[in-house]
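Take a look at the structure below.
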Amino acid sequence: MSVVGNDPRAAAADLHRLALLSIQTHSQCESDYDEAYTNLQSSFSSTSKTAYMDAINKVIDCHNGFRRNGPIATSPIDADDMKVFKLSEIFLLAVDRLIP
């Protein structure tokens, strides 16, 4: 229930509807992560800070998707989000040193 607990439709939903809400939330994260991956590939090949930040913003969109529409819920992939954020810091520090 924590995955869809912040969705206002969850309170009155039956088990079938809860499953659909969960799938929709996870599908949005999958889409966000796919776009993030594409942006990361672009940023590595062109050393583009803008493309890299676009990728990070997609991860943030996924992370925040569990915080919308009501009580704050924790993303089931929160640990993965945090790993991406930490790697982002490392990458941006490296790029800042390479590109004045």
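Specify whether the C-alpha gyration tensor of region 15-98 places it in the rounded, prolate or oblate class, a ≥ b ≥ c being the square roots of the eigenvalues: rounded for a/c under 1.5, otherwise prolate if a/b is larger than b/c and oblate if not.
Prolate, because a/c is 1.5 or more and a/b exceeds b/c.
With a 10 Å Cβ neighbour count serving as the proxy for reagent exposure, in which order, fewest first, do His63, His16 appear?
Placing the least packed residue first, the sequence is His16, His63.
Each label point is 7 Å from the Cα along the Cα-to-Cβ direction; what then is the distance between the points at Ala94 and Leu20, in nm?
It works out to 4.5 nm between the two label points.
Run the numbers for Thr38 and Ile60: contour at 0.36 nm per residue of separation, minus the present Cα-Cα distance, in nm.
Separation in residues times 0.36 nm, less the Cα-Cα distance, equals 6.4 nm.
What order, most packed first, do the peptides 18-31, 79-92 have when packing is the mean number of other Cβ atoms within 10 Å of each residue?
The densest-packed peptide leads the list: 18-31, 79-92.
Quick check: net charge around Ile60, other residues with Cβ under 11 Å of its Cβ, Lys/Arg +1 and Asp/Glu -1?
Once all neighbours under 11 Å are counted, the net charge is -2.
Here, each number is a calculation from the coordinates, and none is a lab measurement. What you see is a predicted model; the values in this text were computed from it and never measured. So basically every Cβ, Gly included, is an ideal-geometry build from the backbone, and we count neighbours across all protein chains shown.
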